[in-house]
Amino acid sequence: MSSPGWGRRRGPRVVVTAGPTREYVDPVRFLSNESSGRMGFAIARAAARAGCRTTLISGPVTLETPGGVRRVDVVSAREMLAAVREAFEGADALYMCAAVADWRPARRLAGKWRAKDGGSRRVSLELVRNPDILATVARRKGERLVVGFALETGSGLRRARAKMARKGADYIVLNDSSALNARRASVRILGRDGSRRELADQGKDRIARALVKLCVER
Ligand code: CTP
């Protein structure tokens, strides 16, 4: 099956997620994070350039869709889960680069939240856990490649390896927080086989090419 946007590409089918998710409290307020989407978009661009049939599932960002990439826009974590499930069906690899919000408000109000009404100086917002997209789809991944990302302060190697095992990923790309919203990053690519590769202070395009190789060389 081909799709508009893939052109004549016949390479592996790759799914990439990017950007933040938004979890709405009311029609105009949401919980989210600083993710710019640059790393995920760079991976999608590198994958398309390597001939992969690439689907980019993106949260709200202001980046242009790379050429030759099929893009699906989503807002919340639950929407992203549905889109990833559908795209990963029949795909060869998933790069779960999105900064998915771990929590969402227990209720989304239909009208604006009037928090100041009633004169209280303190209010609470009840949050519930979002599904873990990576762990959910990795459970039935079979031979398909699944790459997760982790942001750790400090060394974080042990935590990242534990995350990889817990979520069932083949690789975890370990970032430090300087990667957020930046053009360059230092990453460590940890493999389930115990491998470890370090890319220090590199442009995100270069890191993206190294990550796409994991799929293309398989
Ligand atoms: N992820 C996901 N679904 C979530 C949360 C995270 O698929 N609900 C994915 C991310 O896309 C990323 C990896 O899981 O690939 C990150 O795991 P997470 O446990 O959120 O790690 P950190 O972002 O490093 O944050 P923390 O350790 O604070 O949870």
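The values are calculated or read from the model by the stated rules, or taken from the named source; none is laboratory data. Please read these numbers as outputs of a predicted model, since none were measured by experiment. Every residue, glycine among them, receives a Cβ derived from its backbone with ideal geometry; neighbour counts consider all protein chains shown. Ligands, DNA and RNA are excluded from the accessible area calculation, which covers all protein heavy atoms including side chains. Shrake-Rupley method; radii C 1.70, N 1.55, O 1.52, S 1.80 Å.
When the Karplus curve 6.51 cos²θ - 1.76 cosθ + 1.60 is applied with θ = phi - 60°, which whole-Hz ³J(HN,Hα) does each residue of the range 151-160 get, with x for Gly and Pro?
Along the range 151-160, the couplings run 10, 10, 8, x, 5, x, 4, 5, 5, 5 Hz.
Whole-Hz Karplus ³J(HN,Hα) for the range 187-193, in order, using 6.51 cos²θ - 1.76 cosθ + 1.60 and θ = phi - 60°, x for Gly and Pro?
10, 10, 9, 9, x, 4, 6
Which of the pairs K163/K213; K112/K204; K116/K163; K112/K167 have their Cα atoms more than 32 Å apart in this structure?
K112/K204; K116/K163; K112/K167
Please report, as a whole percent, how much of the solvent-accessible surface of the range 1-135 comes from carbon and sulfur atoms (probe radius 1.4 Å).
The computed percentage sits at 46.
Out of all DSSP beta bridges with both ends in the chain, state the antiparallel percent to the nearest 5.
Bridges in the chain are about 40 percent antiparallel.
Would you mind checking which residues have amide H under 5 Å from R71's amide H? H placed 1.01 Å from N; only 5 or more apart, or other chain.
Counting only residues 5 or more places away or on other chains, the set is L56.
Work out from phi, with θ = phi - 60° and the Karplus expression 6.51 cos²θ - 1.76 cosθ + 1.60, the ³J(HN,Hα) of each residue of the range 128-136, listed in order in whole Hz, and give x for Gly and Pro.
10, 6, 7, x, 8, 5, 4, 5, 5
Once you list every other residue whose beta carbon is under 15 Å from the beta carbon of N181, what net charge do they have if Lys and Arg are +1 and Asp and Glu are -1?
The answer is +2.
Give the distance, in whole Å, between the Cα centre of the range 74-103 and the Cα centre of the range 41-55.
16
Taking amide H atoms as placed 1.01 Å from N in the peptide plane, list the residues 5 or more away in sequence, or in a different chain, whose amide H sits under 5 Å from that of V14.
Answer set, sorted by chain and number: R53, T54, T55, D92.
Give the relative contact order (percent, whole number) for the range 61-201; include only Cα pairs under 8 Å separated by 6+ residues.
Taking the mean separation of contacting Cα pairs over the length of the range 61-201, I get 18 percent.
Taking 0.36 nm per residue of separation and subtracting the Cα-Cα distance, what length does fully extending E79 through Q202 add?
Extra length from E79 to Q202 when fully extended: 41.1 nm.
From the P(r) of the chain, can you give the percent of Cα pairs sitting at distances over 26 Å?
Of all Cα-Cα pairs in the chain, 35 percent lie more than 26 Å apart.
For a quick check, take a GNM of the chain with Cα springs below 10 Å and name the residue from Y24, Y171, Y95 with the largest mean-square fluctuation.
Judging by the Gaussian network model, the answer is Y24.
Multiply the residue gap between A162 and A135 by 0.36 nm, knock off their C-alpha separation, and tell me the result in nm, one decimal place.
8.5 nm
Accessible area per residue for the chain in Å², computed with a 1.4 Å probe and the full protein assembly in place, what is it?
Per residue, the chain has an accessible area of 55 Å².
Semi-axes of the equivalent ellipsoid for the range 98-197, please: Cα gyration tensor eigenvalues, times 5, square-rooted, ordered largest first, whole Å.
The answer is 35, 18, 11 Å, longest axis first.
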